[in-house]
1. If you check Leu122 against the conditions, is it more than 16 Å from the chain's Cα centre (by Cα), within 28 Å of Val154 (Cβ to Cβ), touching a residue at least 12 places away in the same chain (Cβ under 8 Å) and surrounded by fewer than 24 Cβ atoms within 10 Å (Cβ to Cβ)?
2. Need at least 3 residues that are under 25 Å from Asp256 (Cα atoms) per element, so show me which strands (runs of 3 or more DSSP E) inside region 195-239 make the cut, counting only ones lying wholly within it.
3. Those residues that are surrounded by 15 or more Cβ atoms within 10 Å (Cβ to Cβ) and of a type in the set (S, T, N, Q), I need them from region 16-66; list them, please.
4. Which residue out of Ser5, Ser36 is among the polar types (S, T, N, Q), part of a strand (DSSP E or B), within 29 Å of Phe275 (Cβ to Cβ) and at pLDDT 95 or above?
5. Just the residues that are assigned to a loop (DSSP other than H, G, I, E, B) and either in contact (Cβ under 8 Å) with a residue 60 or more places away in the chain or under 26 Å from Asp193 (Cα atoms) (or both), please, taken from region 240-258.
6. Determine, yes or no, whether Ala280 is closer than 23 Å to Arg21 by Cα and not basic (Lys, Arg).
7. Quick test for you: out of Glu173, Glu220, Glu237, pick the one residue that is touching a residue at least 24 places away in the same chain (Cβ under 8 Å), surrounded by fewer than 18 Cβ atoms within 10 Å (Cβ to Cβ) and farther than 30 Å from Pro51 by Cβ.
8. Would you please list the contacts, defined by Cβ atoms under 7 Å and residues six or more apart or on different chains, that run from a residue in region 127-138 that is surrounded by 19 or more Cβ atoms within 10 Å (Cβ to Cβ) to a residue that is part of a loop (DSSP other than H, G, I, E, B) and at pLDDT 95 or above?
Amino acid sequence: MTEVSTRVHRGWDLVVLENDRARVEVVPGKGGDVLSFRARPAEVDVLWSSPWGLRQRGAAATPGTSADTLMEWYPGGWQTLLPNGGDETPAYGTTWGMHGEVWTTPFDADLVHDGVDMHARLVRSPLEVTRRIRLDGGALSVTETVHNRGRDPVDGVWGHHPAFAPDVFGGGELTCGAAEVIVDDRRDTAAGDLVIDGRGPWPHAPARAGGQVDLRRIPEREGPAVERMAYLSGFTEGWAQLQAHAHGLSARLRWDAARFPVAWLWTEFHATPGFPWFGAVDVLAVEPCTGYPAQGRDVVAERSGLQRFDPGIPLTTTVTLEVRQEPT
């Protein structure tokens with residue numbers, strides 16, 4: 001039995017879903033974010049929180065790019081990318097910001113017996129989005145439906161952005177259903193250890209130092225700095241699992257590989273100097289998506305193709321995160 005309640009945190013109305021296996025918090029007023037997923041009985045949050053967390057609602061906005069704004073309002077957790085993924089880009093007479101508009105869109109919310117239903121109409125595109133979030137035991141499902149309410153087709157990027165906690169999964173293992181690894185062709189940082197635009201059969205990617213990097217091994221928090229942006233492809237079934245050896249926890253993400261044929265793999269372990277991380281952040285995210293790379297709509301169109309949203313043809317998909325705790 002899942003109990004549904006509400007609480008206020010920093011001016012935001014949060015929806016709380018909880019049972020004997022998990023406690024989940026959702027923020028309808030900011031993208032319908034899944035803010036946290038606390039596994040029970042361990043009482044460990046498997047989702048990552050940014051250093052500033054969920055900022056006070058109504059806090060003054062600082063001038064800057066869409067990437068600056070997105071980061072200022074990024075609490076961690078699990079977001080939707082729509083209708084753009086990665087860098088901001090011009091589209092349809094406006095600008096689609098970094099990671100799209102849903103990230104900062106307020107949703108209307110209705111509580112139901114085992115979860116919450118949310119609804120929003122975007123402004124910079126004619127897309128209408130519904131999110132149905134349900135907690136069943138240790139499994140949280142996010143079912144999303146996108147309607148194009150305009151008269152013309154719209155092409156964009158659609159994905160999910162769950163980020164996982166390094167204090168839980170650091171030093172653990174990542175497994176998945178991918179066949180191939182494609183390294184980002186632009187992300188060239190001092191702490192990057194993968195060959196730019198390199199390719200390899202999962203779980204291996206070519207290393208800058210020679211040889212291969214085994215991506216199954218999640219970096220240690222106390223280990224060397226490392227930064228990676230890669231794309232996992234060749235899924236026959238959409239799934240990825242993080243295993244935390246120290247806690248006996250596993251987090252298994254499942255999605256429809258026909259809808260999201262790739263998964264972005266973002267790894268940041270005390271690597272990036274300056275804004276936004278200042279060398280102080282450790283996080284790993286596995287992000288099912290309609291295309292790649294994380295460079296905005298126009299580049300995705302060239303490299304892998306865009307998702308078409310036709311008027312009158314709603315698209316629906318479900319992404320599920322299930323957390324299990326093995327006896328220790």
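The values are calculated or read from the model by the stated rules, or taken from the named source; none is laboratory data. This structure is a prediction, so every number in the text was calculated from the model and none was measured. Glycine gets a Cβ as well: all are built from the backbone with ideal geometry, and neighbour counts include every protein chain shown.
1. yes
2. 199-201, 226-233
3. Asn19, Ser36, Ser49, Ser50, Ser66
4. Result: Ser36 is the single residue among Ser5, Ser36 that is among the polar types (S, T, N, Q), part of a strand (DSSP E or B), within 29 Å of Phe275 (Cβ to Cβ) and at pLDDT 95 or above.
5. His245, Ala246, His247, Gly248, Asp256, Ala257
6. Spelling it out, it is not the case that Ala280 is closer than 23 Å to Arg21 by Cα and not basic (Lys, Arg).
7. Glu237
8. Going by the 7 Å Cβ cut-off, the qualifying pairs are Leu127/Pro83; Val129/Leu122; Arg131/Gly32; Arg131/Phe107; Leu135/Thr2; Leu135/Asn19; Gly138/Arg21.
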